[in-house]
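First comes the structure, then the notes that go with it.
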Amino acid sequence: MFDFSIVTTWIDNLLRFTLGLGDFWAILIECVLVGVMLLLGYAMIAIVLIFMERKVCAYFQCRLGPMRVGPWGLLQVFADVLKMLIKEIFFVDKADKLLYILAPFLVIIASVGTFSFLPWNKGAVVLDFNVGLFLMTAVSSIGVVGVFLAGWGSNNKYSVVSAMRGAVQMISYEMSLCLCLITAVILTGTMQISGIVEAQTGPWRWLIFQGHIPALIGFLTFLVAGNAEANRGPFDLAEAESELTAGYHTEYSGMGFGFYYLAEYLNLFVISGIAATVFLGGWAPMNIGIEGVDTLLNYIPGIAWFFAKTFLVVWLLMWVRWTYPRLRIDQILKLEWKYLMPLALINLVLMTVVVALGWHF
């Protein structure tokens, strides 16, 4: 398995010793390079996800999806991005302009910040702290503030109702999400993201295998709660078109709306990436204990494993969205507080017992 830290160390030595730059300028250039790579990856993944969503939706509805712009509709998303970039940005009369302008930036900051924690390959984790999972959930929670401020700052009754729905839903389902992550922390013994992946290297070492029943329950619970956290169907009542027009971003145009649109799709990718990292081994290959097969599997780059697992989870969540009808707000909250939350708590105790008694693999 290739270790990307070889590349990062070479770049650091190039800047510090070969070019003779001081610590300040070397670190500054490295931070700029990492930031540019993150933003480029963020934008390209969003384009891929938008196109994938349209084609998956079309498949489940027995149609073709966008086909006119470019071969097989491949350039349709780029045309939509160009249209959004040249759209006029207007402001709402009697709106709270400070909150109205601030809200989209909070949402995109939370999305990009959480995106930065994803482990792409061995040695290629941008933000890798010893409390990485804790910090990741803390950064992601900023998005709730952006959703609520968008509705409140727009001075629109439909946006306010939508923001209240979205905020209470996201805050509620964060509880189950965090409990599922704590379950994984108990099994691996670390909150460091790279450490969680390292704990899953080896034959049948993915958490859903070595943690068996509690880990599988945690994985399924995480998928349901993550879908709701990202405001995806059937949990997209905050954007119920038949009731609230476009929801909390009704009054936004141009890139103000574009930020919410980007964040929605990248939050889907982030939730899927966290699920793939914590429960499916992240960039760790699927070793099965047969030497020749494992050797071949280890030749596959870690980033390929990560993307394959993440897009598998993305496809599953899209499948759910285009299969089940939208839930009512009381059904959404009942599912969390009466079913998912108790299940996650019981599963947490079960995982603790399993680890304490050494029943895990």
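The values are calculated or read from the model by the stated rules, or taken from the named source; none is laboratory data. On a predicted model such as this, the values are computed, not experimentally measured, just so you know. So basically every Cβ, Gly included, is an ideal-geometry build from the backbone, and we count neighbours across all protein chains shown. The accessibility values were calculated without ligands, DNA or RNA, using every heavy atom of the protein model including side chains. Shrake-Rupley method; radii C 1.70, N 1.55, O 1.52, S 1.80 Å.
Brief remarks on what is shown
- Compactness of segment 155-287 as Cα Rg over 2.2 N^0.38 Å, two decimals: 1.25
- Contact order for the chain, expressed relative to its length and based on alpha carbon pairs under 8 Å spaced 6+ residues apart, stands at 22 percent.
- Largest to smallest in accessible area, the residues Val139, Val32 fall in the order Val32, Val139 (1.4 Å probe, all protein chains included).
- Kirkwood-type hydrodynamic radius, segment 202-253: 13.4 Å, calculated from all non-identical alpha-carbon pairs.
- Estimated translational D of segment 299-361 in µm²/s (Stokes, Kirkwood radius over Cα pairs; 4 °C; 1.567 mPa s): 85 µm²/s
- Taking all protein chains as shown and a probe of 1.4 angstrom, Lys338 keeps an accessible surface of around 130 Å².
- Two-decimal Rg/Rh across segment 1-49, once Rg and the Kirkwood Rh are taken from alpha-carbon atoms: 1.12
- When the chain is treated as a Gaussian network with alpha carbon springs shorter than 10 Å, the biggest mean-square fluctuation among Pro214, Pro71, Pro325 belongs to Pro71.
- Partners for Lys157 among lysines (Cα-Cα distance below 27 Å; same-chain residues under 8 apart left out): Lys87, Lys94, Lys97, Lys334
- Note on Ile89 and Ile27: with the Förster distance fixed at 35 Å, the Cβ-Cβ geometry gives a FRET efficiency of about 0.50.
- Here the alpha carbons of segment 1-102 define both size measures, Rg and Dmax, at 21.6, 61 Å.
- For Ala110, net neighbour charge (Lys/Arg +1, Asp/Glu -1) across residues whose Cβ lies under 14 Å away: -3
- Relative pair counts by distance (%), Cα atoms of segment 72-174, 10 Å bins: 14, 30, 31, 22, 4, 0
- Span-like helix ranges in the chain, DSSP H, alpha carbon extent 20 angstrom or more, Kyte mean at least 1.6: 23-60, 97-115, 341-357
- The chain - Rg over Rh from alpha carbon coordinates, Kirkwood radius: 0.98
- Protein accessible area in segment 1-82, 1.4 Å probe - carbon and sulfur %: 77 percent
- Ranked from largest, the principal axis spans of the Cα set of segment 232-361 equal 58, 36, 24 Å.
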